[in-house]
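Heads up: the structure comes next, in structure tokens.
The values are calculated or read from the model by the stated rules, or taken from the named source; none is laboratory data. Being a predicted model, the structure only gives us computed values, none of them experimental. Reconstructed Cβ throughout: ideal geometry from the backbone, glycine too, with neighbour counts over all protein chains shown. Note: accessible area is taken over every heavy atom of the protein model, side chains too, but ligands, DNA and RNA are not part of it. Shrake-Rupley method; radii C 1.70, N 1.55, O 1.52, S 1.80 Å.
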Amino acid sequence: MFENKIVAITGASGGIGRAIGEMFAAQGAKVALSDLTPPIEAATEMGGKAYNCDVSSEASVIDFIDKAEAELGPIDIYISNAGVGAGNGPHVAGGTNESWESSWQVNVMGSVYAARRLMPGWLERGEGRFVITASAAGLLNQVGSASYSATKHAAVSFAESISIEHGDAGVSSHCICPQYVRTNMTAGVDFSGQREKLLEPSDVAEALRQAIVDEKFLVLPHPVAGEYYAFRAANPDAWLGGMRKMLAKLKETKSYIFKDS
Ligand SMILES: NC(=O)c1ccc[n+]([C@@H]2O[C@H](COP(=O)([O-])OP(=O)(O)OC[C@H]3O[C@@H](n4cnc5c(N)ncnc54)[C@H](O)[C@@H]3O)[C@@H](O)[C@H]2O)c1
């Protein structure tokens with residue numbers, strides 16, 4: 001199914017992005033990996049190409065897509081995976097404007113810039129697949145980071161819009177919403193008090209492969225996140241109460257994912 005497909009991935013030097021690259025390369029796809037510095041080692045290992053791309057810059061995203069398409073051919077699958085997060089600071093609006101803006105640019109606009117470049121060609125061809133690595137925080141919330149929560153909700157919403165606006169024209173989208181995964185983003189965090197298992201990046205890549213095969217929009221490497229999502233919709237007050245309890249526990253262990261900025 002993925003033999004000779006051209007797959008472009010952002011934030012691909014390690015973690016989830018790299019694991020997704022490895023999964024597609026193992027399936028016979030040609031991968032274009034990008035990050036703030038070109039992931040040369042990863043690309044060499046996968047027989048792919050490495051590019052520089054800062055997803056918060058539209059010019060940089062265009063440059064990545066154009067160079068990858070010139071070298072490999074038209075992109076079939078785009079994985080908008082780069083992501084950043086920052087802690088709240090002293091209260092829910094305590095983060096700096098710069099940190100909110102950075103989360104908005106990387107977690108949301110990085111996908112908008114890529115879709116803007118790819119969509120005309122995909123609509124003409126009548127096919128294309130856009131994948132966004134959002135987070136379970138985009139369905140639920142990330143305690144300790146209002147900016148991560150808000151921008152990941154926006155990322156889920158943008159993925160939904162692609163499916164709604166262009167699904168009938170052959171352009172599909174998938175939204176990956178994991179809970180915690182062992183990557184640089186979660187390094188040094190104490191997960192001993194967490195209910196859910198810390199997954200490996202390869203588990204997330206396999207969940208994406210399966211979701212594409214099954215044509216499922218929502219990719220839930222931790223299936224229980226789907227249950228929490230349904231509970232939130234049906235019982236918002238009870239859900240908020242549970243999240244407050246989770247925050248109280250987090251304050252005791254100080255195992256926040258994101259540092260303040
Ligand atoms: N690790 C988790 O528990 C977890 C859970 C849910 C969702 N996610 C999401 O998964 C995605 C991948 O994160 P990860 O966990 O593999 O962590 P990671 O830190 O290994 O990967 C994030 C990558 O994004 C890159 N990046 C940051 N800013 C960028 C920019 N402006 N332009 C281009 N690249 C940039 C980083 O260099 C890094 O390689 C992120 O979107 C993250 O929010 C992670």
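Pairs with C-alpha atoms separated by more than 30 Å, drawn from the list LYS152/LYS245; LYS67/LYS197; LYS197/LYS251, are LYS67/LYS197.
Spin-label model, GLU127 to THR96: label points 7 Å out along the Cα-to-beta-carbon direction sit 4.7 nm apart. Multiplying the residue separation of ASP168 and ASN52 by 0.36 nm and removing their Cα-Cα distance gives an extension gain of 38.5 nm. Shown here for the range 9-111: chymotrypsin sites (Phe, Trp or Tyr not before Pro) in loop regions (DSSP other than H, G, I, E, B) with at most 16 other Cβ atoms within 10 Å, of which there are none. Summing charges over all other residues whose Cβ lies under 11 Å from the Cβ of ILE62, with Lys and Arg as +1 and Asp and Glu as -1, gives -1. Share of carbon and sulfur in the accessible area of the range 6-253 stands at 52%, probe radius 1.4 Å. Projection of the Cα convex hull of the range 114-196, averaged over all directions and equal to a quarter of that hull's surface, yields 6.5 nm². Restriction of the GluC sites (Glu not before Pro) in the range 139-215 to DSSP coil positions whose beta-carbon has at most 11 other beta-carbons within 10 angstrom yields GLU215. Counting only protein heavy atoms and a 1.4 Å probe, the range 6-253 has 45 square angstrom of accessible area per residue.
When its C-alpha radius of gyration is set against 2.2 N^0.38 Å (N residues), the chain gives a value of 0.98. In this simple spin-label model, placing a label point 7 Å from the Cα along the Cα-to-Cβ direction at both PHE231 and ARG195 gives a separation of 0.4 nm. Sites listed here are trypsin sites (Lys or Arg not before Pro) in the range 111-197 whose DSSP assignment is loop and whose Cβ has at most 11 other Cβ atoms within 10 Å: ARG195. Fully extending the segment from MET1 to VAL224, taken as 0.36 nm per residue of separation minus the present Cα-Cα distance, adds 77.5 nm.
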